[in-house]
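Structure first, commentary second.
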Amino acid sequence: MEGAKKATPNYEAGTRTGSNDADDMGNLTVITSLNEYSGETPAQQLESVLKRHPVFAFSKTYCPFCIEVKRTLSHLGVPLAVIEIDSNADGAKLSAVSKANTKHKTVRA
């Protein structure tokens, strides 16, 4: 990937340097609207997302673990679809559906 920026972990400071920009992650699809996904309820829409994107994650734009997962899968060439729950209008609803199904309270990236 010529021209791709690489982030450098800075674990001593407890933070990461580098961007969380989708342009830095070529195989990343950030789902910003659920209009193109069928379903009348959040659960049906999530099912539609999962059918279209076999590798999917909920993420938060500021979560260092989420950023690392997205970056790692992208660099490995794995196509990943993501809903950033902190910046997507439907993110909280979909996250609640996932939380009810998985019993996980944290972001499941």
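Every read-out reported here was derived from the displayed coordinates using simple, explicitly stated rules and does not represent laboratory data. What you see is a predicted model, and the numbers here were worked out from it, not measured in a lab.
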Taking amide H positions as placed in the peptide plane 1.01 Å from N, state which residues far from Phe56 in sequence (5 or more) or on other chains have amide H under 5 Å from it.
Ala81
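Are any of the pairs Lys60/Lys105; Lys60/Lys99; Lys70/Lys105 more than 18 Å apart by Cα-Cα distance, and if so, which? Write down the numbers at each step before the final one.
Values: Lys60/Lys105 13 Å; Lys60/Lys99 15 Å; Lys70/Lys105 20 Å.
Cα-Cα > 18 Å for Lys70/Lys105; rest within.
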Would you kindly derive the ³J(HN,Hα) couplings of the range 50-65 from the backbone phi angles with the Karplus curve 6.51 cos²θ - 1.76 cosθ + 1.60 (θ = phi - 60°), listing them in order in whole Hz, with x for Gly and Pro?
5, 5, 7, 10, x, 10, 9, 8, 7, 8, 10, 4, 9, 6, x, 5
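What full-extension length gain, to one decimal in nm, is calculated for Glu47 and Tyr62 as 0.36 nm per residue of separation minus the Cα-Cα distance?
Values: separation 15, 0.36 × 15 = 5.40 nm, distance 2.56 nm.
Here the segment from Glu47 to Tyr62 would lengthen by 2.8 nm.
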Expressed in nm to one decimal, what extension gain is obtained for the pair Lys105 and Glu36 from 0.36 nm per residue of sequence separation less their Cα-Cα distance?
22.1 nm
